[in-house]
Amino acid sequence: MKHQTLDELQSIAVVSPLSPAPLTTRTERIERWAELLERNPSRCLAALTGTEHLHPAIREEARAAGSAITVAFNDTLLRVSGLKSDSYGEAKRFFELTDWQLHEVVCSCHAGATMQAGWAAGRVRRIVNGNRILAWLRRHWGH
């Protein structure tokens, strides 16, 4: 067996890293989250209860096993990209979300104790795409 350097190997073969390249932009990370949720749209996910009413320090640590955030955390690519846990605060930091944006995706006040992954995916996509109905109204009615 002949020993060759990485540079020598790259001249004769396609060499790819073992782990995927991290997602570097907010949009890439959010899109990946939506894609993961869309893979099984009827999957039942746990909601977090009353996130808007929790003390900020408690809200940061809040989590629910089997939530939309758990789906993100279970993904190797998102973990390689820096997602450290499935807590509310970590999702807020990693996806660069406001409390209001994350509340819209994971809180029980919108869907009850559980939600379908497809519904959550739609909420996640709205973070990037915005609310198209409101955008259309603003364009057409000058508001």
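Quick note: the coordinates plus some simple rules give every number you see, no bench work behind them. Not measured: the values here are computed from a predicted model.
Under the definition of Cα pairs under 8 Å and six or more residues apart, what whole-number percent is the relative contact order of the range 15-130?
Once normalised by length, the contact order is 40 percent.
Length gain on complete extension for the stretch Arg39 to Trp100, per 0.36 nm per residue less the alpha carbon to alpha carbon distance?
This chain segment gains 19.4 nm when fully extended.
Which ³J(HN,Hα) values, rounded to whole Hz and listed in residue order, are derived for the range 68-76 from phi using the Karplus coefficients 6.51, -1.76 and 1.60 in 6.51 cos²θ - 1.76 cosθ + 1.60 with θ = phi - 60°, glycine and proline given as x?
Coupling constants for the range 68-76: 4, 5, 4, 4, 5, 5, 6, 8, 4 Hz.
By how many nm would the segment from Lys84 to Arg126 grow when fully extended, if each residue of separation counts as 0.36 nm and the alpha-carbon distance is taken off?
12.8 nm
For the range 22-141, just the Cα set please: Rg and Dmax, both in angstrom.
Here Rg and the maximum Cα pair distance are 14.0, 44 Å.
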